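Reading through the structure tokens given below for one structure.
The values are calculated or read from the model by the stated rules, or taken from the named source; none is laboratory data. No experiment lies behind these values; they were computed from the predicted model shown. Cβ coordinates were reconstructed from backbone atoms using ideal geometry, including for glycine residues, and neighbour counts include every protein chain displayed. In case anyone asks, the SASA skips ligands and DNA or RNA and just uses the protein heavy atoms, side chains included. Shrake-Rupley method; radii C 1.70, N 1.55, O 1.52, S 1.80 Å.
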Amino acid sequence: GAVVSQHPSRVICKSGTSVKIECRSLDFQATTMFWYRQFPKQSLMLMATSNEGSKATYEQGVEKDKFLINHASLTLSTLTVTSAHPEDSSFYICSANLAGGAEAFFGQGTRLTVV
Amino acid sequence: AQSVTQPDIHITVSEGASLELRCNYSYGATPYLFWYVQSPGQGLQLLLKYFSGDTLVQGIKGFEAEFKRSQSSFNLRKPSVHWSDAAEYFCAVGDPGGFKTIFGAGTRLFVKA
């Protein structure tokens, strides 16, 4: 149980276009999901907290207009990188917790390359 | 605010030697602590976790970690390292209130023959 699936695992897009990444909790409902970004050889940095049915909460320094988060259902959160640029190339990982639990279950990650 | 410190950016050990990766945390209450491993280009794999109880925690792949409240530490150990253990290791603290997971900077493990 507690499986989180992320799609796609890899995506290449042209500079200036937008790309959407999906994060699904397959066997549980998640009112809250988290999005992380990991640059090469660096740690995972929390970008935002996705809240079902309400606005996401962004960490300091993360542009909310650039990284659009939608959490329209209890099993799906999406991250859309708008007007992507090469500096947005990174590894994006989502996570979700079981209700009341502190352990996060992570998706497989999405490698975004902007060319 | 919570924080996690992994003082060693990288460590090199010989295959068969013992390993200890250091982790110190800053948290106001009893923390929920985790160790994850990440191979290049891959996602995270949970090695072990500590929530409460026995301070020596056993995990997968022969890893263990010991929670020491007095030292605010949660060091990861393995008695005999295999070449396949070469990877990036992350210590993390979970916030039971907001459910966020905060990661340390990571320690890159190199294993030499």
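Could you work out the mean count of beta carbons from other protein chains within 10 Å of each residue's beta carbon in A:89-99?
That works out to 2 on average.
Which aspartates and glutamates does residue B:49 reach when only Cα atoms under 15 Å apart count, and residues fewer than 8 places away in its own chain are ignored?
A:103, B:64, B:66, B:95
With the radius of gyration and the Kirkwood radius both derived from the Cα set of region B:28-113, what is their ratio Rg to Rh? Don't skip to the answer; put the middle values down first.
Values: Rg = 13.2 Å, Rh = 13.6 Å.
Value, to two decimals: 0.97.
Taking a probe of 1.4 Å and counting only protein heavy atoms, give the total accessible area buried between chains B and A in Å², rounded to the nearest 100.
Chain pair B/A: roughly 1500 Å² of buried accessible area.
Give me the percent of Cα-Cα pairs in region A:47-91 that sit more than 17 Å apart, rounded to a whole number. Can you show the working numbers first?
Values: 319 of 990 pairs.
Tail of the P(r) past 17 Å holds 32 percent of the pairs.
Separation of region A:31-87 and region B:62-113 by C-alpha centroid, Å?
25
If you wrap a convex hull around the alpha carbons of the protein assembly as shown, what volume per residue comes out, as a whole number of Å³?
In the protein assembly as shown, the Cα convex hull volume per residue is 122 Å³.
Over the residues of region A:1-42, compute the C-alpha Rg and express it relative to 2.2 N^0.38 Å. Can you show the working numbers first?
On the way: Rg = 13.1 Å, N = 42, 2.2 N^0.38 = 9.1 Å.
So the Cα radius of gyration is 1.44 times the expected 2.2 N^0.38 Å.
Positive end of the dipole of the protein assembly as shown, charges at C-beta (+1 Lys, Arg; -1 Asp, Glu), about the Cα centre: which of B:13, B:72, B:46 has its Cα farthest in that direction?
Going by the charge dipole, the pick is B:13.
Out of the total accessible area of chain B (probe 1.4 Å, heavy atoms of protein only), what percent is carbon and sulfur?
50
Averaging sequence separations of C-alpha pairs under 8 Å and six or more residues apart, then dividing by the length of chain B, give the relative contact order as a whole percent.
Details: 283 pairs, mean separation 42.2, N = 113.
Worked out over chain B, it gives 37 percent.
Per residue of B:23-34, how many C-beta atoms from partner chains lie within 10 Å of its own C-beta, taken as a mean?
1
Check cross-link reach from residue A:64 to the lysines: straight Cα distance under 28 Å, and skip same-chain residues fewer than eight apart.
Straight-line reach from residue A:64, under 28 Å: A:14, A:20, A:41, A:55, B:100.
How large is log10 of I(q)/I(0) for chain A at q = 0.11, 0.13, 0.20, 0.23 Å⁻¹ when the intensity is taken from the Debye formula with one equal scatterer per alpha-carbon?
Computed log10 I(q)/I(0) values: -0.31, -0.44, -1.04, -1.35.
Looking only at other chains, what is the average number of their beta-carbon atoms within 10 angstrom of each beta-carbon in A:39-45? Intermediate results must be reported in sequence, preceding the final value.
On the way: counts 0, 1, 5, 4, 12, 11, 2.
Average neighbour count from other chains, rounded to a whole number: 5.
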